[in-house]
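Every number here is computed from the coordinates shown, using simple stated rules; none is lab data. Values in this document were obtained by computation on a predicted structure and should not be read as measured data. Note that we place each Cβ from the backbone using ideal geometry, even for glycine, and neighbour counts take in every protein chain shown.
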Amino acid sequence: MRFLPGMMASLLLPLLAPACAHAAGNIEVSAFVNVRGGVFELNARTIFPLGDDVRRTLADGATINFDLQVVVEKQRRYWLDATLVDVMLRRELSWNAVSQRYGVKDVDRGERESYVALDEALVAVGVVNSWPVVVEPQLDPDANYEIRVRAGYRRGRLPDALRALFFWSDGWNRRSEWNSWILPR
């Protein structure tokens with residue numbers, strides 16, 4: 001009978017996990033693909049539920065990295081699916097104490113925008129319009145393709161003073177579940 005409390009805890013843990021995940025806030029991603037001139041363009045909206053710990057992290061001078069990962073796989077009947085495209089859109093959010101503004105940087109293109117409110121910056125980070133991910137010549141006309149999308153965020157660069165204090169910590173990392181559907185043709 002000594003194992004009864006442990007057994008009860010293992011039975012209740014799956015019931016408590018969704019409640020804990022909801023309390024922490026889940027990343028929500030909605031996306032669709034448009035085909036324009038043989039180019040498959042991804043449009044996505046991501047909601048990042050960031051709490052006070054993130055606000056403190058930004059105020060302390062650290063950055064937050066946001067990622068949107070897109071995978072396109074050719075579906076095969078008798079073999080493993082083949083990955084055709086695996087790309088990542090990277091954005092970085094920071095706080096500038098001098099200008100009192102939040103900065104959003106597209107890491108790959110180097111483009112920057114600034115916002116007065118954190119909520120505005122988070123909306124901008126989560127919006128992706130007409131991002132080309134696949135072109136028609138890459139696709140086999142007789143095959144089906146699955147597209148998967150997920151988003152996430154993690155703590156990025158730290159100022160030198162904080163890096164010395166938090167050398168043992170890799171920060172936090174959160175990811176959404178994969179959203180997947182068949183690529184339209």
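A compact table of results
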{"quantity": "Charge dipole magnitude, Cβ of K and R +1, D and E -1 - region 26-182, Cα centre, debye nearest 20", "calculated": "300 debye"}
{"quantity": "Net +/- balance of residues flanking Ser180 in space, Cβ distance below 13 Å, scoring K and R +1, D and E -1", "calculated": "-2"}
{"quantity": "Kirkwood Rh in Å, taken over all unlike Cα pairs in region 26-182", "calculated": "17.2 Å"}
